[in-house]
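First the structure, in the form of structure tokens, and then the observations on it.
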Amino acid sequence: MKRSKGGKVQVLVLAAGKSTRFGDSKTKMLYELCRRTVLGRVLENIRNAGLDDVTLIVGHQRDLVTKEFP
């Protein structure tokens, strides 16, 4: 988290991993945990904390992640 010049908190979410230790080719951010994706839970917690300036860094399977979270 970083505070901008106006004191507003900025959030940077790193969602670029390949999930090689999971033994799968799907990015770990799109794995479901109790009917919600891991990334969905992260973003929900950020919103629930009252933060809205979020930057999402994606890499592996970028097209699938951005399709799920435009």
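The values are calculated or read from the model by the stated rules, or taken from the named source; none is laboratory data. Bear in mind that the values here come from a model prediction, so they are computed numbers and not experimental data. Here the Cβ positions follow ideal geometry from the backbone for every residue, glycine too, while neighbour counts run over all protein chains shown. Ligands, DNA and RNA are excluded from the accessible area calculation, which covers all protein heavy atoms including side chains. Shrake-Rupley method; radii C 1.70, N 1.55, O 1.52, S 1.80 Å.
For trypsin sites (Lys or Arg not before Pro), the sites in region 14-70 that DSSP calls loop and that have at most 14 other Cβ atoms within 10 Å are Lys18, Lys26, Arg35. Charges were assigned to the Cβ only: +1 to each Lys and Arg, -1 to each Asp and Glu. The resulting dipole of the chain about its Cα centre is roughly 200 debye.
Only bridges with both residues in the chain count here: give the DSSP antiparallel percent, nearest 5. If I count the DSSP bridges inside the chain, around 40 percent turn out antiparallel. Accessible surface for the chain, divided over its residues, is 76 Å² per residue with a 1.4 Å probe.
With contacts taken as Cα pairs under 8 Å at a separation of at least 6 residues, the chain carries a relative contact order of 37 percent. For region 15-22, backbone phi angles converted through the Karplus equation (6.51, -1.76, 1.60; θ = phi - 60°) give residue-by-residue couplings of 10, 10, x, 8, 6, 5, 6, 7 Hz, Gly and Pro being listed as x.
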